[in-house]
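To start, the structure under review is shown below, and the notes come after it.
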Amino acid sequence: MAKHYAMVIQLKKCLGCQACTVACKFENKVPDGQYRTKSPAIGPSGTYPNVKVFFEKQACQMCQDAPCVKVCPTTASHYNKDGLVLIDSHKCVGCKYCMTACPYDARFINKNTGTADKCTFCYDTRLTKGEKPACVTTCVGGALLFGDANDPQSEVARYMATHRTEVRKAQFGTRPSVHYDYEGVK
Amino acid sequence: MDITWGAGAANPVIWGWLIAVYLFLAGIAGGAFLTASLTDLFKKNGQARVIRSGAFLAPVAIIVGLGLLVFDLGRPLSFWKLIFNVNFGSVMSIGVFIISIFTVLSLLYAYLVWTSVKVGSKVQVRVGRAANETAATKAAGTVGGRGIVAFLGALFALGTATYTGFLLSAVSTNVFWSTHLPGIAGVPFLPFLFLVSALSTGLAATLLGAGTCDDLTVYKKIDIVLIVIEILLVAVLYASVRAVFFSGNLAALFWLGVVMIGLILPLLLSLYGVSRHKNLVLPSCSLVVIGGLALRCFVVYAGQLFK
Ligand code: SF4
Ligand code: SF4
Ligand code: SF4
């Protein structure tokens with residue numbers, strides 16, 4: 001069966017330490033001032049005694065119906081053989097059409113290359129070597145789970161079978177592969 | 001920007017004023033070409049100055065527009081890859097071909113118009129009346145080929161003007177850009193709005209280029225009709241999307257730029273002009289052109305600033 005890489009984010013375990021933000025910058029040599037992932041604070045919201053704040057790790061959601069792939073005029077944005085949305089920087093002209101289409105603000109124009117850039121699930125540097133993404137292995141709170149959702153034995157599949165998870169901005173029908181468990185924070 | 005506490009939002013405006021001006025110029029080019037070519041094709045003794053103005057304006061506008069587009073690319077020098085890597089599912093990819101063909105046709109048409117002007121005047125100056133007949137036959141010959149170019153060009157001009165709307169409306173994740181015609185879910189709204197605006201601004205710019213010449217009443221009447229249609233479309237847009245899109249900094253751009261300068265004032269001036277002054281072109285046409293630019297800026301920014 002084809003692979004379907006997926007990530008599960010348990011928000012109540014995230015401390016907002018930004019270790020993932022930094023790990024990703026190390027791993028992928030992301031230029032200064034640009035990010036493939038960040039974990040901004042959502043809130044604080046509400047009034048005492050019900051004030052809430054949590055951190056939401058944001059990056060490419062690896063949509064299975066990706067608007068960025070649909071609009072890309074050069075086919076630089078594409079699904080690879082494992083169903084991941086990746087960018088062929090040789091084909092990309094930097095038109096930014098994909099950025100206007102991505103509802104998750106996941107993309108940016110890499111300052112050094114002039115081409116579109118975003119989270120790859122660390123495909124080339126780690127997944128192909130059987131390792132998990134840098135952000136996942138770094139996560140201090142153990143908030144990030146990663147694996148093949150099509151394999152019922154995988155950590156992500158087992159977690160999703162037993163917990164209620166959501167995808168962000170489901171109204172756009174993008175079918176993301178990054179799932180959020182808001183239990184305990186919302 | 002503080003990525004932890006600043007909500008991490010990068011600049012939400014991905015396509016800025018360069019793209020807005022490009023969409024505006026593509027509209028001008030399409031509208032100007034249609035004005036010239038339709039005059040050429042359908043009006044016996046079509047007004048030479050209008051044909052010339054539109055024919056020359058179209059390639060200049062589209063080439064400057066494409067220049068802005070290429071300049072806005074992350075990798076301007078790789079623009080040619082757009083031609084060799086095709087994605088039939090991408091509106092932009094299809095648009096690249098429509099606009100490229102339109103650019104070639106508009107250059108060709110401008111050349112044909114230019115040479116026929118030269119042939120006409122030279123023959124007349126040198127040989128005088130005796131040669132008028134030959135000049136006339138020659139001109140008729142060019143008109144044959146020119147007619148085909150005018151016709152094909154007109155189709156691609158329509159395509160170009162409409163494409164600028166489809167480019168934005170195809171972004172289905174952008175609530176504002178992908179607004180549908182009220183009641184008809186499958187039909188996007190922006191292509192209609194941009195087409196009408198393109199026709200109106202292209203016509204206005206062409207008349208500006210033609211300068212005050214013979215009786216332009218027909219064109220002005222067409223322009224009035226276009227402005228009225230555009231007013232209706234803008235009203236429909238206003239009624240069918242959330243009010244937030246017309247708020248904040250964009251409120252002034254919309255009410256002053258799009259509505260007042262671009263629609264109401266020129267409509268009043270044109271009505272006055274048609275009834276009183278045959279050659280009053282400059283004020284109304286300039287306002288229409290400025291309004292067209294305001295419309296593109298408004299739509300491009302509103303879709304990105306408010307989501
Ligand atoms: S999150 Fe954005 S960049 Fe990633 S696949 Fe979805 S639309 Fe594309
Ligand atoms: S910026 Fe690159 S990846 Fe994005 S749509 Fe344009 S060509 Fe495709
Ligand atoms: S998976 Fe890799 S590229 Fe994506 S956010 Fe994590 S570290 Fe960055």
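Structural remarks
- Given R0 = 25 Å, the distance between the Cβ atoms of A:LYS186 and A:TYR79 translates into a calculated FRET efficiency of 0.20.
- For chain B, the solvent-accessible area works out to 45 Å² per residue, with a probe of 1.4 Å and every protein chain left in place.
- Positive-end ranking of A:PHE26, A:TYR123, A:ALA2 along the dipole of the range A:1-143, with charges on Cβ about the Cα centre, is headed by A:PHE26.
- Selection from B:LEU112, B:GLY186, B:VAL21, by position along the positive dipole direction of the protein assembly as shown (Cβ): B:LEU112
- Here the calculated FRET efficiency for B:TYR272 and B:ILE148, from their Cβ-Cβ distance with R0 = 51 Å, stands at 0.80, rounded to the nearest 0.05.
- C-alpha long axis of helix B:48-72 to longest principal axis of chain B, angle in °: 30 degrees
- Working from label points 7 Å from Cα in the Cα-to-Cβ sense, the A:THR125 to A:ARG164 distance is 3.7 nm.
- CD proxy at 222 nm, helix term only [per DSSP H run n ≥ 4: -39500 (n - 2.57); per residue of chain A; nearest 500]: -4500 deg cm²/dmol
- GNM flexibility winner over chain B from B:LEU271, B:LEU158, B:LEU293 (Cα, springs under 10 Å): B:LEU271
- Charges were assigned to the Cβ only: +1 to each Lys and Arg, -1 to each Asp and Glu. The resulting dipole of the protein assembly as shown about its Cα centre is roughly 720 debye.
- Averaged over the residues of A:96-104, the number of partner chain Cβ atoms lying within 10 Å of the residue Cβ comes to 6.
- Qualifying trypsin sites (Lys or Arg not before Pro) for the range B:150-250 [loop in DSSP, other Cβ within 10 Å: at most 13]: B:ARG242
- Rg to Rh, two decimals, where the range B:17-305 supplies the alpha carbon set and Rh follows Kirkwood: 1.01
- The long axis of helix A:19-28 is offset from the longest Cα principal axis of chain A by roughly 10 degrees.
- If you take the Cα centroid of the range B:250-267 and the Cα centroid of the range B:284-307, the two points sit 9 Å apart.
- Here chain B is treated with +1 on each Lys and Arg Cβ and -1 on each Asp and Glu Cβ, and its dipole about the Cα centre works out to around 860 debye.
- Shielding by other protein chains, B:166-179, mean Cβ within 10 Å: 4
- Per-pair calculated FRET efficiency, R0 = 30 Å: A:LYS111 and A:LYS3 via Cβ, rounded to 0.05: 0.40
- Taken residue by residue and averaged, Cβ atoms of other chains lying within 10 Å of the Cβ of A:158-164 number 0.
- Dipole axis of the range A:135-186 (+1 Lys, Arg; -1 Asp, Glu on Cβ), positive-most option in A:ALA143, A:THR162, A:THR174: A:THR174
- Of A:LYS29/A:LYS111; A:LYS25/A:LYS52; A:LYS25/B:LYS307; A:LYS12/A:LYS52; A:LYS3/A:LYS57; A:LYS25/A:LYS169, those spanning more than 18 Å from alpha-carbon to alpha-carbon: A:LYS25/A:LYS52; A:LYS25/B:LYS307; A:LYS3/A:LYS57; A:LYS25/A:LYS169
- Each peptide in B:249-262, B:31-44, A:52-65, B:73-86 receives the mean, over its residues, of other Cβ atoms within 10 Å, and ordering these scores from highest gives B:31-44, A:52-65, B:249-262, B:73-86.
- Rounded to the nearest 20 debye, dipole of the range A:93-186 from Cβ charges on Lys, Arg, Asp, Glu: 320 debye
- Of interest is the spacing of the C-alpha centroids, which for the range B:42-91 and the range A:80-94 amounts to 28 Å.
- Label-to-label distance, nm, for residues given as A:ASN150 and B:ASN11 (7 Å Cα→Cβ offset): 4.1 nm
- Rounded to the nearest 10 degrees, the inclination of helix B:132-169 to the longest alpha-carbon principal axis of chain B is 0 degrees.
- Buried accessible surface for the B/A chain pair comes to about 2700 Å², total over both chains, computed with a 1.4 Å probe.
- Solvent-accessible area assigned to carbon and sulfur over the range B:17-305 amounts to 74 percent, based on a 1.4 Å probe.
- Estimated translational D of chain A in µm²/s (Stokes, Kirkwood radius over Cα pairs; 20 °C; 1.002 mPa s): 126 µm²/s
- Largest GNM mean-square fluctuation among A:GLY33, A:GLY173, A:GLY43, using chain A with Cα springs under 10 Å: A:GLY33.
- For chain A, accessible area per residue (1.4 Å probe, heavy atoms of protein chains only), Å²: 45 Å²
The values are calculated or read from the model by the stated rules, or taken from the named source; none is laboratory data. Given the structure is predicted, the values throughout are model-derived calculations rather than measurements. Reconstructed Cβ throughout: ideal geometry from the backbone, glycine too, with neighbour counts over all protein chains shown. Heads up: the accessible areas ignore ligands, DNA and RNA and are worked out on the full protein's heavy atoms, side chains in. Shrake-Rupley method; radii C 1.70, N 1.55, O 1.52, S 1.80 Å.
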